[in-house]
1. Within the range 1-11, can one find any residue that is open to solvent by 40 Å² or more (accessible area, probe 1.4 Å), in contact with a strand residue (DSSP E or B) (Cβ under 8 Å, 6 or more places away or on another chain) and at pLDDT 95 or above?
2. Give just the number: which of (1) under 14 Å from Asp46 (Cα atoms); (2) free of Cβ contacts under 8 Å to residues at least 40 places away in the same chain does Trp130 not satisfy?
3. Any idea which residue in the range 125-149 is least open to solvent (accessible area, probe 1.4 Å), counting only those that are among the hydrophobic types (A, V, I, L, M, F, W, C) and modelled with pLDDT under 95?
4. Which of the residues spanning the range 57-72 are at negative phi and either more than 15 Å from the chain's Cα centre (by Cα) or at pLDDT below 95 (or both)?
5. Residues of the range 114-156 being more than 11 Å from Leu52 (Cβ to Cβ), among the hydrophobic types (A, V, I, L, M, F, W, C), out of contact with any Leu (no Cβ under 9 Å at 6 or more places or on another chain) and assigned to a helix (DSSP H, G or I), which ones?
6. For the range 41-51, check the following and say yes or no: at least one residue is touching an Asp or Glu at 6+ places or on another chain (Cβ under 9 Å) and open to solvent by 70 Å² or more (accessible area, probe 1.4 Å).
7. What number of residues within the range 91-120 are without any contact (Cβ under 8 Å) to a residue 40 or more places away in the chain and open to solvent by less than 40 Å² (accessible area, probe 1.4 Å)?
8. Could you look through the range 74-85, keep only residues that are more than 18 Å from Ile143 (Cβ to Cβ) and modelled with pLDDT of 95 or more, and pick out the one that is surrounded by the most Cβ atoms within 10 Å (Cβ to Cβ)?
Amino acid sequence: MEMRRKEREIADRDSILKIIRECQCCRIALADGRCPYIVPVNFGYDSAGNVLYFPGAAEGRKMDLIRKNGCAGFEMDTAHELVRADAACGFSFRYRSIVGEGRIAVVEDPEEKRHGLDCIMKHMSGTGTWEYPDAMLRRTAVIRLDVEKLCAKANE
């Protein structure tokens with residue numbers, strides 16, 4: 001992905017992983033005709049596979065678009081702070097963010113669903129060792145986004 005403000009680019013993998021760990025919400029953008037459909041979601045990240053996992057309901061607009069298109073964009077951000085100035089155009093905003101895209105699909109395999117849920121729970125709660133009863137696993141959708149492109153930047 002091309003970045004206009006090269007001085008804000010973060011290329012170091014450890015710094016990128018730190019930003020991902022700090023983010024509490026990921027927004028996924030899906031194609032829906034002439035307008036994108038953007039939805040905020042909880043997430044987990046498998047850094048070994050470069051995969052984002054999201055929980056969700058098994059039905060609805062998001063799931064329909066995932067099954068229809070198979071591609072998605074995503075965005076996450078953290079460390080927000082307004083920087084005040086004496087003049088309106090002097091104001092700024094501090095942040096760290098990640099934007100990317102990749103292939104997205106609904107996970108069908110029960111073992112991968114468990115792995116995806118472990119990634120989500122580890123990100124959200126700090127621990128990834130949970131039990132998932134079969135009935136709950138059948139009702140819960142897990143979405144997988146294989147990250148193909150990613151760029152990180154910060155205004156600090």
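The values are calculated or read from the model by the stated rules, or taken from the named source; none is laboratory data. These numbers come from a predicted model, not from an experiment. Here Cβ is always computed from backbone atoms with ideal geometry, including for glycine, and neighbour counts include all displayed protein chains. Side chains included, ligands, DNA and RNA excluded: accessible areas come from the protein's heavy atoms. Shrake-Rupley method; radii C 1.70, N 1.55, O 1.52, S 1.80 Å.
1. No, the range 1-11 contains no residue that is open to solvent by 40 Å² or more (accessible area, probe 1.4 Å), in contact with a strand residue (DSSP E or B) (Cβ under 8 Å, 6 or more places away or on another chain) and at pLDDT 95 or above.
2. (1)
3. If we filter the range 125-149 for residues that are among the hydrophobic types (A, V, I, L, M, F, W, C), which is where we start, we get 130, 135-137, 141-143, 145, 147.
After this cut, where a residue has to be modelled with pLDDT under 95 as well, the list is 130, 135-137.
Numbers: Trp130: 109, Ala135: 47, Met136: 52, Leu137: 9 Å².
Filtering the range 125-149 for residues that are among the hydrophobic types (A, V, I, L, M, F, W, C) and modelled with pLDDT under 95, the one least open to solvent (accessible area, probe 1.4 Å) comes out as Leu137.
4. Once the filter is applied, which keeps residues that are at negative phi and either more than 15 Å from the chain's Cα centre (by Cα) or at pLDDT below 95 (or both), the range 57-72 yields Ala57, Ala58, Glu59, Arg61, Met63, Asp64, Leu65, Arg67, Lys68, Asn69.
5. Matches in the range 114-156: Met121, Met124, Ala135, Met136.
6. No.
7. Adding up the residues that qualify gives 1.
8. Restricting attention to the range 74-85, the residues satisfying the condition of being more than 18 Å from Ile143 (Cβ to Cβ) are 77-85.
Going one step further and asking which of them are modelled with pLDDT of 95 or more, we end up with 77-78.
On the way: Asp77: 19, Thr78: 17.
Among them, the one singled out is Asp77.
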